[in-house]
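Student: Below is a structure I'd like to ask you about.
Read-outs throughout are calculated quantities, based only on the coordinates presented, and are distinct from any laboratory measurement. Just so you know, these numbers come straight off a predicted model, no measurement behind them. Backbone-built Cβ (ideal geometry, glycine too); neighbour counts: all protein chains shown.
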Amino acid sequence: MVIRRRWLWLGILLLIVAVLLSLGTGRVWLDPAILLRSIVEPEPSLAWLILSELRLPRTLLGILVGATLGLSGAVLQGLLRNPLAEPGLLGVSAGAALGAVIAIYFGLAASFALATPLFGIGGAIFAATLTLIVGRGGTLMMILAGAAVSGLMAAGLSLALNFAPNPYAAYEITTWLLGTLSDRDWNQLALAAPFILAGWACLALTARDLDALTLGEAQAESLGVNLRRVRLLALAGTAMSVGAATAATGAVGFIGLVAPHLVRPFVGHQPSRVLLPSALFGAILLVFADVATRVIPTSTEVKLGVLTSLAGTPFFFWLVLRLKRLSP
Amino acid sequence: MRIRRLANGLAVTFLALGLAAAPASAATLAKAKPGRIMSTNMCNDLLLLMLVPKERISSITYLAHDAVAMLMPGADTGVRINHGTAEEVVRERPDLILASPWSTPALRRLGAKVGAPVAEIDAANSFADIRRITRQIGALVGEPARAEALIAGMDRTLAELAATHPRRTVRVVAWSGPGSVPGKGTLTDEIIRIAGGENIAAKYDDGRYSSFGMEELLRARPDALMHGEDRYDGPSLRDSAVAHPVMRKAFAGRQISYPASLYTCGLPQSASAARDLRAALGKLPAGGVTW
């Protein structure tokens, strides 16, 4: 019990550090004392504007998106009993990106603001459903189906690029797809948050059934687990939260893969116990990564999605090698 | 035209290539005026429409329509459009192709095959460039007098602007999103200077176009933000960046929109853009930005 509590304190401490760093760093260096004063006496000043209108929504969105990716990764890994599962691998992120791109570039987002998250969610649901239907019949099938669906969504994205109404749009879509949290505002946060929270609720409801599923699908059913319900909850939860998150930030990969693996050594392998820590560490990882994008001195800000992919791919390799060693 | 801004970087790379390829000899062309001129670059389209009657134009690019509608409404009615591809060269059999240094190599090769001289017109980054390019195209299409008249009109406007001085220097930046902000050595920079403004992006010497995040923009505290407008009013992410609440709040009443085509394409009318900008700068509220 003591050990289980320790990760929680460690996680909370790390999250606080990450948040402070995220509020304190940026392309413009602001004296922490001035920043602090601007919180105490909120009056229009450079520090207050940057803090309240740029860094705060950015940080909060980072926490929401990171937690979403961590949580959905943990649920998918539990549901599919596959350590490689994550929203990106199952085509969900690509589906969400496709939906969001369609909403942004074909004028839907301009006519009503909810279009981007809704289309993101729609794309995510479509991709996830397709993966789950095609990939029925084992873990390997699911991974292959995920690859196929990702390919399909990528093709859709290419098509959207091809037919983008604005010649400049091709460049913009490509850049948007790299994923970033910079220059986000409260409206975007307010649009995404309800869907993300609803998604979390669905994902959290799967916790107990995921534990039973570790015994295998047949055994879980004999224990009274309604498999259809679990799959539906996981699917809807992932689609809603990842869809809305991707619509707000663009594609950010690997957090969903890494976070659950990072916490398992500390909290054990019982799926329900992995969910909350995964969400927490997903948020920590994402906010730290976002801080890194601002600290790394490049003339153009390195995009968040690029950084998480660069850092996450070696981990993926390590995971594959470890699986190879463990498999008979 | 936005794509053009992007292509400017590439243009520098290809400039050497463009200079190396011998442009069609102006002297020989002036004798027999070309009657089926094909333009494969939006900025050339606009100059071409000003210089020759429509009957002598074979086609202009599909990108030109919005800018034409803004600068000279109706001037392109009935003119065929092209997409800058080599196949269209074969279809149209033009007798002169106005290309840009970054036109496709296949187009250049095919142009040579169908016997159409391919003239590579580079991008204008100053009013001196505008004079040179307008003269160059004028000579190529056999309308040097028309070109000189356009230049004279431009120079008159510039002289009027130089004769008077605005009361104060306004610090501005052409910011349409954090992507590429025109700095030193761009036409936008010169227009701002002639209008009596100070381009705050000009002090960064990391190339002609720099990136400017919102935090940096707030710190730099310009007196006004300028953003390019074209007729294209479809949605884009840059527009949403300009609409960010902090931008609207911090620069309320201090946003100036300008015709993007006159800033990115060097045209004789770019001088009137500078005149309009001076008028807009004069209307800004006195004092710096307060928040």
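Student: Rounded to the nearest 0.05, what FRET efficiency do B:Ala149 and A:Asn187 give with R0 = 51 Å and r taken as the Cβ-Cβ distance? Could you check? Please report the intermediate quantities before stating the final value.
Tutor: Details: r = 51 Å, r/R0 = 1.00.
Here the calculated transfer efficiency is 0.50.
Student: To continue, here is another question. Quick one: if you stick a label point 7 Å off each Cα along the C-beta vector at B:Arg36 and A:Thr298, how many nm between them?
Tutor: 4.9 nm
Student: For region A:141-200 and region B:125-147, compute the distance between their C-alpha centroids and round to whole Å.
Tutor: Going from one Cα centre to the other spans 45 Å.
Student: Let me ask something else about it. In peptide B:215-223, how many Cβ atoms from other protein chains are near each Cβ within 10 Å, on average? Before the final figure, lay out the partial values.
Tutor: Numbers: counts 13, 3, 3, 7, 9, 1, 1, 0, 0.
Across B:215-223, the average partner-chain Cβ count within 10 Å equals 4.
Student: Consider a paramagnetic label point 7 Å from the Cα of B:Ala159 along Cα→Cβ; state which residues of region B:257-291 have an amide N under 16 Å from it.
Tutor: The answer is B:271-272.
Student: Next question, about the same structure. With r defined as the distance between the Cβ atoms of A:Glu217 and A:Ala155 and R0 fixed at 45 Å, what FRET efficiency is calculated, to the nearest 0.05?
Tutor: 0.90
Student: Let me ask another. Give me the extension gain from A:Lys324 to A:Leu20: residue separation times 0.36 nm, minus the current Cα-Cα distance, reported in nm with one decimal. Display every interim value, and only then the final one.
Tutor: Values: separation 304, 0.36 × 304 = 109.44 nm, distance 4.00 nm.
Net length gain for the segment: 105.4 nm.
Student: Using 0.36 nm times the number of residues separating B:Lys54 and B:Arg93, minus their current alpha carbon distance, what extension gain do you get?
Tutor: Working: separation 39, 0.36 × 39 = 14.04 nm, distance 1.67 nm.
Additional length available on full extension: 12.4 nm.
Student: Let me ask something additional. Using a Förster distance of 35 angstrom, determine the FRET efficiency expected from the C-beta separation of A:Ser45 and A:Phe315, and round it to 0.05. Intermediate values should be presented prior to the final figure.
Tutor: Values: r = 42 Å, r/R0 = 1.19.
My answer for the efficiency is 0.25.
Student: So how strong a dipole does chain A carry about its Cα centre when Lys and Arg Cβ are +1 and Asp and Glu Cβ are -1, to the nearest 20 debye?
Tutor: Working: 21 positive and 14 negative charges, 214 e Å.
Charge dipole of chain A: 1020 debye, to the nearest 20.
Student: So, counting K/R as plus one and D/E as minus one, what does the shell of residues with Cβ under 14 Å around A:Arg37 add up to?
Tutor: Values: positive: none; negative: A:Asp31, A:Glu41, A:Glu43.
Neighbourhood net charge equals -3.
Student: Work out which helices of chain A, taken as complete DSSP H runs, extend at least 24 Å along their axis over the Cα atoms and score a mean Kyte-Doolittle of 1.6 or more, then list them. Write down the numbers at each step before the final one.
Tutor: Details: long enough: A:2-24 (33 Å, 1.80); A:56-80 (36 Å, 1.48); A:115-134 (28 Å, 1.85); A:139-162 (34 Å, 1.71); A:186-205 (28 Å, 1.44); A:227-249 (32 Å, 0.91); A:271-295 (35 Å, 1.39); A:304-326 (33 Å, 1.17).
Taking the DSSP H segments of chain A (at least 24 Å long, mean hydropathy at least 1.6), we get A:2-24, A:115-134, A:139-162.
Student: Let me ask you something else. Not counting the cut sites, what is the longest span of chain A without chymotrypsin sites (Phe, Trp or Tyr not before Pro) that DSSP labels loop and that have at most 12 other Cβ atoms within 10 Å? All intermediate terms of the calculation are to be shown ahead of the outcome.
Tutor: On the way: sites that count: A:Trp29, A:Phe112, A:Phe163.
Longest run free of exposed loop sites: A:164-328.
Student: Just report the Cα centroid separation between region A:281-328 and region B:244-291, whole Å.
Tutor: Cα centroid of region A:281-328 versus Cα centroid of region B:244-291: 42 Å apart.
Student: Another question about this same structure. Just counting partner chain Cβ atoms within 10 Å, what average do the residues of peptide A:317-323 show around their Cβ?
Tutor: Values: counts 0, 0, 0, 0, 0, 0, 0.
Partner Cβ neighbours, averaged per residue: 0.
Student: For the protein assembly as shown, what does -39500 (n - 2.57) per DSSP helix run (n ≥ 4), summed and divided by total residues, give at 222 nm, in deg cm²/dmol to the nearest 500?
Tutor: -20000 deg cm²/dmol
Student: Turning to a different aspect of this structure: When we measure straight from the Cα of B:Lys203, which lysines land under 30 angstrom away, once same-chain ones fewer than 8 places off are left out?
Tutor: A:Lys303, B:Lys184, B:Lys249, B:Lys283
Student: Let me ask something else about it. Exposure proxy check: B:Ile37, A:Ile173, B:Ile81 ranked by fewest other beta carbons within 10 Å?
Tutor: Numbers: B:Ile37 27, A:Ile173 23, B:Ile81 14.
Least crowded to most crowded, the residues run B:Ile81, A:Ile173, B:Ile37.
Student: Check the protein assembly as shown for me: any Cys whose beta-carbon has no other cysteine beta-carbon within less than 4.7 Å?
Tutor: A:Cys202
Student: Here is a follow-up. Taking the alpha-carbon centroid of each part, what is the distance from region A:89-137 to region B:29-91 in angstrom?
Tutor: Computed from Cα coordinates, the inter-centre distance equals 41 Å.
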